[in-house]
Amino acid sequence: MGRKRGKKRELRALAAPFTVAPPSGARIRDRLRLGAADESVLTLVGEHLGGHQRSDFTARVALGNVSQKDTGRAARKRKLTAVSSSRWVGAMTRASEDQYQLSVRCLYDERAGLRRAISTIDKRLAVPCGQRGGRLRGYPDQNERFQKQRRLQALTTRLAVVEERIAAERPAVVVGGRRLARVRHHLADAHLTGQEWRQRWDAARLFRTADGESGAGHGNYTITVGPYDGSVTLVLPEPLRHLANAPRGRYRLACTAGFHHRREEWLDRVSAHRAVRYDIVRDAARGRWYLDASWSADTTPPPAPDEIRQRGERLLAVDLNADHLAAVVLDGHGNPIGEPHTVPLELTGPTTTRDGRLRAAITGLLGIAKRQGCAGLVIEDLGFADARATGRETMGRGGRGKQFRRTVAGIPTARFRERLRGMACHAGLFVIAVDPAHTSIWGGRDWQRPLQQQTKTTVTRHHGAAMAIGRRGLGHRVRRRPGVTAPDQRIGQRRATGQTGPVPRPRGTTSPPRTAGTPPEGGKTRLCRGDQLVLLPGPQDRSEGHRTTCPDYGELANSDQQR
């Protein structure tokens, strides 16, 4: 008796490709080389404003998740104005509202992840050890099952805490960073002393943010940067007005700011008195001070993938991997152009080093797109949210599973997408995101060998995945039709992929139905027996010679009818 086959697993519906929106703003940074007097004044201002901003945030959390009109922002601003300045109060209350809304969203995301993990473990615990229940497999032994039961209890406890915070509408927020707060109990492992940790903690809790205002002098009255001389002045809070060295209770720094990166855009805004936000940041680990300028940009809607396909423009398809980027150039019909490209990507070392290497890799991709005349790039819309939430339940166990999980954790999907979106927009290119389902499987199976036959470089399955990503972004089918690519050198000049459908004829150009007496247009389509070259021609060929003209098919057809 044959084995009973279960129901065939259905593939999920693929999401439609979409064009990634360009960045809605810009942020640039310049270093401030402060003296001892300037550092002391900025520290006093930051500590004074930081203490009152934390008090305002506490009052905002106590209100709960209420509508915007019930937040009491006007009353809070009046209360803070007496102890600071009306110029700083707007930024302080806005920061409190933004932090609260972000914390609430994080709570909902954490609850969703905990529920996914609990559901997955519950399903596997329902199956006995070493057995299978449909598509679910039980844990291999009692030891692992016991550990998973303990893990389930811990997740359930965490979920109960999150549910309680959501019901109370009061998220737990650590001003200065929860990670830095935990380092306080592990100073030896972090290679820090108590004094060094205290300096970083105090620097993270300072507040020196000033929102811009259109129509104000150079786009911001609280912190003003001169477009010509680079002078930096700021309004002092009311209790610190005695430290002013400029008119109207302002303090002028001895150093200047130039903003070399994207300076022209910054100059256009400050010269037109458009809103620019400034943040004065202190990096305690490096002992440096920075001035950040940010503003919102006027963006136009990017073209849809269907519009890009109709234009017939080239695209650069990119497959993101843990150690390299695989890229292939495609034309408007989804056919590969030239040789595949491989951009190395080494993500080891400190955070700043990894970020710099990621930027260098993206710069290499943009250079390839520019040289090949591409209008944009196509990437996968990766997130690994579900996989990271369930962990070993869906990503394997043992040595191979552990290695795979480390690989997934090392792929900077979100950072790569954000960096590529900003840098591509600055370079005049757009980005298309597609569903990542089955791109590696289908690309490696259907495109690796054909690409290898057409190029001299080594082609991997990741280049095949890039082909699948690019074709999906253009709206074509990923899989190839069999028998299209011809490895023979004589007939390899034709179109390599043949995946696109035939171009429809214009209306009114359809050929009439052919009959037996209608001669074909454009010359002969089939050679007659006398046209074939033979070593020993027949008697008729000796007397009459080889025929080189097309016979009159109409007469031949009519002669049969006359007999």
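Filtering segment 55-77 to residues that are not hydrophobic (A, V, I, L, M, F, W, C) and not in a helix (DSSP H, G or I) leaves 64, 65, 67, 71, 72. Just the residues that are more than 30 Å from residue 168 (Cα to Cα) and under 37 Å from the mean Cα position of the chain (by Cα), please, taken from segment 44-63. Once the filter is applied, which keeps residues that are more than 30 Å from residue 168 (Cα to Cα) and under 37 Å from the mean Cα position of the chain (by Cα), segment 44-63 yields 46, 47. Remark: pairs (first residue in segment 282-303, surrounded by 12 or more Cβ atoms within 10 Å (Cβ to Cβ); second residue assigned to a strand (DSSP E or B) and polar (S, T, N, Q); Cβ separation under 7 Å; 6+ apart in sequence or on different chains) = 302/19; 303/19. The single condition among (1) touching a helix residue (DSSP H, G or I) at 6+ places or on another chain (Cβ under 9 Å); (2) surrounded by 17 or more Cβ atoms within 10 Å (Cβ to Cβ); (3) outside the structural domain of residue 367 (by TED's automatic domain parsing) that residue 279 does not meet is (1). None of 293, 285 is under 19 Å from residue 27 (Cβ atoms) and within 30 Å of the chain's Cα centre (by Cα) except 293.
Evaluation of residue 452 against the conditions (1) over 22 Å from residue 377 (Cα atoms); (2) modelled with pLDDT under 85; (3) part of a helix (DSSP H, G or I) shows that the sole unmet condition is (2).
Got at least one residue in segment 283-297 being out of contact with any Pro (no Cβ under 8 Å at 6 or more places or on another chain) and farther than 25 Å from residue 41 by Cα?
Yes: one or more hits.
Exactly one residue among 172, 188, 154, 112 is under 29 Å from residue 48 (Cα atoms) and in the same structural domain as residue 86 (by TED's automatic domain parsing), and that residue is 172. Scanning segment 441-450 for residues that are surrounded by fewer than 23 Cβ atoms within 10 Å (Cβ to Cβ) and in contact (Cβ under 8 Å) with a residue 12 or more places away in the chain returns 442, 444, 445, 446, 448, 450. Looking at segment 316-334, which of its residues are part of a strand (DSSP E or B) and within 15 Å of residue 439 (Cβ to Cβ)? Of everything in segment 316-334, those that are part of a strand (DSSP E or B) and within 15 Å of residue 439 (Cβ to Cβ) turn out to be 317, 318, 319, 320, 325, 326, 327, 328, 330. Listed conditions (1) under 21 Å from residue 87 (Cα atoms); (2) basic (Lys, Arg); (3) surrounded by 13 or more Cβ atoms within 10 Å (Cβ to Cβ) are all met by residue 248, apart from (3).
Return only the number of the condition from (1) hydroxyl-bearing (Ser, Thr, Tyr); (2) farther than 21 Å from residue 114 by Cβ; (3) part of a loop (DSSP other than H, G, I, E, B) that residue 139 does not satisfy. Only one criterion is unmet by residue 139, namely (2).
The values are calculated or read from the model by the stated rules, or taken from the named source; none is laboratory data. Remember, it's a predicted structure, so these values are computed and weren't measured experimentally. Positions of Cβ are generated from backbone atoms using ideal geometry, with glycine treated the same way; all protein chains shown enter the neighbour counts.
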